[in-house]
Amino acid sequence: MVRYFLFLIATAMLIAVGPVIAQADNFQSWLTDLRGEAHQRGVSDSIFDAALGDAKPIKRVIELDRSQPEFTLTFDEYLNKIVSKTRAQKAAQKLVEHDEILTEISKKYGVQKRFIVTFWGVETNFGQYLGSFNVPHALATLAYDGRRSAYFRKELLNALQILEEGHIAPSQMKGSWAGAMGQSQFMPSSFLSYAVDWDGDGKRDIWRTKPDVFASTAYYLKKAGWNDQLTWGRRVSLPDNFTMDGKDAMTLADKKIRKNLQLWVAAGVRSADGSSLPNANPAARLVMPSGAKGPAFLVYSNFDSILDWNRSNYYALAIGHLSDMLK
Ligand SMILES: [Ca+2]
């Protein structure tokens, strides 16, 4: 009887362990296939082995990928979380502390210093929190067993190329569970397109070299169409029952209808703090993140450059808000 039970337990264990072993085998053969593709991209065996030799799917990465919380914060809650008083004070200090290099980078790329520092603060709390995941391992996990495996496979190959180019050692390529890397939280594809070696040491180092981080951030925004003659926009108040061209505010916002600023002024739109809107006349559109009864913002093209970085209106408004506190 005891033997029989032991037999049952052993069988049960085999059944339980079976799929795990099969999965590990599959992962190894998947890696072998990936190695071939990496070779074609010019990735050497030594870099491939250093990056992925001991890789296994990371359970936590899969959990995080499958449990991304629904967006439940209200706009005010989100804003208070991202733009704390402490963060604003720290941003102001950083602006002074790094003024010289920020001034040079700001001139070269045409992006105001306060925005460069704001992205740095919002992304990684000024380089304090880069994420603790090994990026090649996290990307391999998502490429092997994720909901968006084709996307992550490309990003993994990009990451391997970055390692092959020697910008960072494989063991130091740390980032978020989804592969956003360094102090600017660039995905590998963004790194390849926008990361800058500002200090000229041959490495585009967005992990440890602040001038590289600042220049990379500014260059990204420049390529996303940044205009340093403009700010991002501002909160506005609308007249009661506001319409323009027969469309109400919510429709104008949803359809992203752009009008020159002075047309909005003529229609009665004012700064939310009661001050006049500027005399300049750039194209502007309404953003109403919490619906018709929530706050209204009139934003310029730079707002769309921020959305290019992160597609969330909440995010872009938080960037704008924090940058205003640094004026
Ligand atoms: Ca460098």
* Local charge sum around residue 292 (other residues, Cβ-Cβ under 13 Å, Lys/Arg +1, Asp/Glu -1)? -> -1
* Which listed residue (50, 182, 38) has the Cα farthest towards the positive end of the charge dipole for the chain, taking +1 on Lys and Arg C-beta and -1 on Asp and Glu C-beta about the Cα centre? -> 182
* Asked: Once the Cα gyration tensor of the chain is found, what semi-axes does its equivalent ellipsoid get, as square roots of 5 times the eigenvalues, in whole Å, sorted largest first?
  -> 45, 26, 17
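With +1 on each Lys and Arg Cβ and -1 on each Asp and Glu Cβ, how big is the dipole of the range 116-246 about its Cα centre, in debye rounded to the nearest 20? Display every interim value, and only then the final one.
On the way: 13 positive and 13 negative charges, 46 e Å.
For this selection, approximately 220 debye.
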* Among the trypsin sites (Lys or Arg not before Pro) within the range 180-227, which fall in a DSSP loop and have no more than 15 other Cβ atoms within 10 Å of their own Cβ? -> 208
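If a helix is a whole DSSP H run, which ones in the chain reach 30 Å or further along their own axis (Cα) and hold a mean Kyte-Doolittle hydropathy of at least 0.5? Walk me through the numbers before you get to the answer.
Working: long enough: 2-40 (57 Å, 0.58).
Length and hydropathy pass: 2-40.
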* Which of 209, 136, 305 sits closest to the plus end of the dipole of the chain, meaning its Cα is farthest towards the positive end, when Lys and Arg get +1 and Asp and Glu get -1 on the C-beta? -> 305
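No lab work stands behind these numbers, since they all come straight from the coordinates. Quantities reported herein were computed from a predicted structural model and do not represent experimental measurements. Positions of Cβ are backbone-derived with ideal geometry, glycine not excepted, and every protein chain shown enters the neighbour counts.
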